[in-house]
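Structure, as structure tokens:
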Amino acid sequence: MSVRPKKDAPSVAPDGTPLAPLIRGVEIRYARTQTDERGSICEVLDPAWGLHPDPIVYVYELTIRPGKIKGWHVHHLHDDRIFVSRGELKVVLYDDRADSQTFGMVNEVHRSERHRSIMVIPAHVFHAHQNIGDVAVSLISMPTRPYNHRDPDVYRLPLDTDQIPYRFENRPGW
């Protein structure tokens with residue numbers, strides 16, 4: 001029995017913009033890197049862009065080693081604003097907000113240093129980051145609230161939880 005080939009559905013617009021719908025409140029703003037003979041410069045976040053109304057109150061860098069996953073976690077009191085500076089990763093998001101129009105939706109977003117961007121992840125949206133490259137991923141996080149060392153706003157689930165309809169796999173391709 002032969003299997004008939006399946007035609008690909010469009011995944012990006014002619015200008016390269018992804019067509020997949022995002023969870024309500026998730027935003028991605030792509031950055032432009034300017035280069036010359038001295039090096040490069042890339043703007044991470046400018047409040048004038050209007051990407052998020054909250055001021056920058058706390059900034060930290062995090063890394064993820066090749067093949068490793070950080071997640072599932074969610075915040076109740078703040079939104080995340082995360083910029084990819086180095087490496088290649090997959091970000092998986094799950095909308096657990098019962099009052100959201102996108103409740104139950106899963107997003108899988110691939111991000112890379114080749115097309116750097118800042119992503120806004122709203123409170124109450126679970127997320128996990130997987131390094132899918134061969135170098136450490138470097139991210140710059142700018143949450144809308146400073147980290148509270150005595151009472152962290154981080155709630156975790158195991159990667160293999162049944163509460164989120166997603167499984168991380170190492171698939172070699174189609």
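The values are calculated or read from the model by the stated rules, or taken from the named source; none is laboratory data. Computed from a predicted structure; not experimentally measured. Neighbour counts run over all protein chains shown; Cβ positions are idealised from the backbone, glycine included. For the accessible areas, the whole protein counts, side chains as well, though only heavy atoms, and no ligand, DNA or RNA atoms are used. Shrake-Rupley method; radii C 1.70, N 1.55, O 1.52, S 1.80 Å.
The convex hull of the Cα atoms of the stretch 34-174, projected and averaged over all directions, covers 10.7 nm².
If packing is taken as the average number of other Cβ atoms within 10 Å across a peptide's residues, how do 32-38, 98-104, 84-90 rank, most packed first?
Taking the mean over residues of other Cβ atoms within 10 Å, the ranking is 84-90, 98-104, 32-38.
Going by a ≥ b ≥ c, the root eigenvalues of the Cα gyration tensor, does the stretch 2-108 fall in the rounded group (a/c under 1.5), the prolate group (a/b larger than b/c) or the oblate group? Oblate, because a/c is 1.5 or more while a/b does not exceed b/c.
Can you give the translational diffusion coefficient of the stretch 113-160 in µm²/s, computed by Stokes-Einstein from the Kirkwood radius over Cα pairs at 25 °C and 0.890 mPa s? Spell out each step's value before the answer.
Details: Rh = 13.6 Å.
Once the numbers are plugged in, D ends up at 180 µm²/s.
Calculated accessible area for the stretch 104-174 comes out at 61 Å² per residue, all protein chains present (probe 1.4 Å; ligands, DNA, RNA ignored).
Using a probe radius of 1.4 Å on heavy atoms only, what accessible surface per residue do you get for the stretch 1-64? Whole Å² is fine.
87 Å²
Here the accessible area of the stretch 56-162 is 47 percent carbon and sulfur, with a 1.4 angstrom probe and all protein chains present. How high is the relative contact order of the chain, in percent, counting Cα pairs under 8 Å that sit 6 or more residues apart? Reported relative contact order: 30 percent. With a/c under 1.5 counting as rounded, go ahead and sort the stretch 11-59 into rounded, prolate or oblate using the C-alpha gyration tensor (a ≥ b ≥ c being the square roots of the eigenvalues; past the cut-off, prolate if a/b is larger than b/c, else oblate). Oblate is the answer for the stretch 11-59, as a/c is 1.5 or above yet b/c matches or exceeds a/b.
Using the average count of surrounding beta-carbon atoms within 10 Å as a protection proxy, the listed peptides 73-83, 132-142, 11-21 rank, highest first, as 73-83, 132-142, 11-21. Summarising the amide proton neighbourhood of Val125: residues at separation of 5 or more, or on other chains, whose placed amide H is nearer than 5 Å comprise His75. Note on the stretch 99-130 and the stretch 23-54: Cα centroid distance 16 Å, given to the nearest whole angstrom.
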